[in-house]
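To keep things clear, I will list the structure first and then write my remarks on it.
The values are calculated or read from the model by the stated rules, or taken from the named source; none is laboratory data. Just so we're clear, the structure is a prediction, and the values are computed from it rather than from any experiment. Methodologically, a virtual Cβ is constructed for each residue, glycine included, from the backbone with ideal geometry; neighbour enumeration extends over all protein chains shown. Please note that ligands, DNA and RNA were not included when accessible areas were found on the heavy atoms of the full protein model with its side chains. Shrake-Rupley method; radii C 1.70, N 1.55, O 1.52, S 1.80 Å.
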Amino acid sequence: MKVLLIMLVGSFVGVQSFQLPPSNNIRVFSSSSSSPPLKRNVASAISVTSDTSSSPVSIFKSKNNDNDADSLLKFSSDVKHVLHNLRAMEFDPCIPKHLMGHHSSSLSYSKTWTLDDWEFHNSRKRYFRYLKNFPHSRLMRRIMPQQLVLLLWTILSVYLEDQFLSTYKPKIPLSALGTISTFVAFLLTLRSNQALSRLMEARALWSKVILNTREMSNLIASFIYPVDKQLALLLGRHVALFGWLLKSQLRFTKKDDVVELVRTMLPNKRDADYLLSQRQKTVAVITRIRQVLAHLGKAHKLTTAEEIALDHTAHALSEAITSTGRIRASPIPTLYTSHTSRLLVFYLLCLPPALHLSGLDGIMTTILTMVVGFAMFGLDEISHLFEQPFRVIPMYQMSKRAMQATADCFTCRPPALDGEKIVEDEEKELSQRELTSYWSNKDMSQMSDNLME
């Protein structure tokens, strides 16, 4: 009996001396509880046991989070999947053939040029080449309906004059028609200059897009990656998407054109769903960048100068969205366009009768009318094509360049300087070739030759 009593007291003292770890799942009993001390401590011991049994689950979750963490190798692999699978075509499939040409060797403003293209373009044989390829001219195909209507009207006007005005042929002074032709040529030239200026402005804005995405990626890799690798890679993925999202926004493509692209580059479903649900996806990218900057600034992980540099580049990207949107939404004034078209049609309708009544036979009248029509219709069509410059700018290839430049900023970091503090990185043992698997298999000299920006 004494032995039993001693064992009971010993167990009681052992339970009392047991220290409970702090946990929200442990029930705390007040001293006023009606439960006896032994029962209270037994209950506490049970609660501790149940809490420690759940610790393997939390450890498992943390391991899963570690496995789901982003890395340079994953980033490089996703970029490779986009460039080699989702966007593997060399030229933009959305550009019509009348702009791109039927052969990959065709010279076109809708693709980036290499040194071979420039040599072919500047060759002295270009005159013979243009004459030889005239029947296959892309511009000729565009204005063929107008030319056919003008040809039918010329033949009809010559026939009517020969049949009904054989005895009396009124004279139409060509000087008056020449005055009208001066106004028509002036209006067409002015409109073509306006269209070309819009094309040059749009092209310069896209060069700034590539410049600013590369600058933003460099700043992120230099300032944010050393202090927070995960946030840096998250921003890098968003910046890599910026060119593709802007292209989709300006080219009036389908809504699902970038879905697979976004879900590849943003493996986190919540991030991808947020971006795809936004009306302006490019603005959402800027919003995410500024959100991360605000978070790191409050945590005092960035200096004031670093914050200013990053925010200035984010502002430049936002300005590119507004500037390109202005060009896309605002055409050359339609009143100017309609007036030019009406005057052009009036002049071409009066030209065949005036030429034939001036003494030219039917064949020469037809030839001269068709030549003048080709010149004026062609100039008018060129101005219409370039008025909406985002249909002809090689945004597809430039978006690929921007994505490659963004990835290079993270995977092609220069060697550390003497005395520079090196950030511990588990991927430092990987070679640059392993981190740049998205590079083309072509020779680097050929690849670097086609970096038109």
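Those residues that are open to solvent by 10 Å² or more (accessible area, probe 1.4 Å) and either in contact with a Gly (Cβ under 7 Å, 6 or more places away or on another chain) or assigned to a helix (DSSP H, G or I) (or both), I need them from the range 378-392; list them, please.
Listed by number, the residues that qualify are Leu379, Asp380, Glu381, Ile382, His384, Leu385, Phe386, Glu387, Arg391.
For the range 192-248, which residues satisfy the criterion of being open to solvent by less than 20 Å² (accessible area, probe 1.4 Å), of a type outside the set (A, V, I, L, M) and within 22 Å of Ala416 (Cβ to Cβ)?
Ser217, Tyr225, Gly236
List, please: which pairs have Cβ atoms under 6 Å, are six or more places apart or on different chains, and start with a residue in the range 140-164 that is under 16 Å from Tyr347 (Cα atoms) and open to solvent by less than 90 Å² (accessible area, probe 1.4 Å) and end with one that is assigned to a helix (DSSP H, G or I) and of a type in the set (Ser, Thr, Tyr)?
Cβ pairs passing all conditions: Thr154/Thr366; Thr154/Thr369.
What do you reckon, is Ile95 of a type in the set (Val, Ile, Thr), modelled with pLDDT under 80, surrounded by 12 or more Cβ atoms within 10 Å (Cβ to Cβ) and in contact with a helix residue (DSSP H, G or I) (Cβ under 8 Å, 6 or more places away or on another chain)?
Taking the combined requirement at face value, the residue satisfies it.
Looking at (1) within 17 Å of the chain's Cα centre (by Cα); (2) not in a helix (DSSP H, G or I), which is the one condition that is false for Lys301?
Result: Lys301 fails condition (1) only.
All but one of (1) within 21 Å of Pro414 (Cα to Cα); (2) in a helix (DSSP H, G or I) hold for Pro226; state the number of the condition that does not hold.
Failing condition for Pro226: (2).
Given the criterion hydrophobic (A, V, I, L, M, F, W, C), in contact (Cβ under 8 Å) with a residue 60 or more places away in the chain, buried (at least 19 other Cβ atoms within 10 Å of the Cβ) and assigned to a helix (DSSP H, G or I), identify the matching residue among Phe410, Phe346.
Details: Phe346 fails: buried (at least 19 other Cβ atoms within 10 Å of the Cβ).
Of the residues listed, the single one that is hydrophobic (A, V, I, L, M, F, W, C), in contact (Cβ under 8 Å) with a residue 60 or more places away in the chain, buried (at least 19 other Cβ atoms within 10 Å of the Cβ) and assigned to a helix (DSSP H, G or I) is Phe410.
Among what's in the range 361-373 and is buried (at least 17 other Cβ atoms within 10 Å of the Cβ) and farther than 17 Å from Leu344 by Cβ, pick the residue that is farthest from the chain's Cα centre (by Cα).
Looking at the filtered set, the residue picked out is Gly362.
Could you check how many residues of the range 321-359 are of a type in the set (Val, Ile, Thr) and farther than 13 Å from Glu387 by Cβ?
From the range 321-359, those of a type in the set (Val, Ile, Thr) are 321-322, 324, 327, 332, 334, 337, 340, 345; that's our starting set.
Next cut, farther than 13 Å from Glu387 by Cβ only: 321-322, 324, 345.
Count: 4.
When you check Ile332 against the structure, is it within 27 Å of Ala202 (Cα to Cα), touching a residue at least 24 places away in the same chain (Cβ under 8 Å), of a type in the set (A, V, I, L, M, F, W, C) and surrounded by fewer than 20 Cβ atoms within 10 Å (Cβ to Cβ), yes or no?
When the stated conditions are applied, Ile332 passes them.
Report yes if Ser341 is at pLDDT 90 or above and either surrounded by fewer than 18 Cβ atoms within 10 Å (Cβ to Cβ) or in a loop (DSSP other than H, G, I, E, B) (or both), otherwise no.
On the way: at pLDDT 90 or above: yes; either surrounded by fewer than 18 Cβ atoms within 10 Å (Cβ to Cβ) or in a loop (DSSP other than H, G, I, E, B) (or both): yes.
Criteria met by Ser341.
On the given criteria, is Ser137 under 30 Å from Leu355 (Cβ atoms), at pLDDT below 90 and either open to solvent by less than 90 Å² (accessible area, probe 1.4 Å) or charged (D, E, K, R) (or both)?
yes
Just to be sure I understand, how many residues within the range 306-329 are free of Cβ contacts under 8 Å to residues at least 12 places away in the same chain and more than 16 Å from the chain's Cα centre (by Cα)?
Matching residues across the range 306-329 total 5.
For Trp118, work out the one condition from (1) open to solvent by less than 40 Å² (accessible area, probe 1.4 Å); (2) under 19 Å from Pro394 (Cβ atoms) it doesn't fulfil.
(1)
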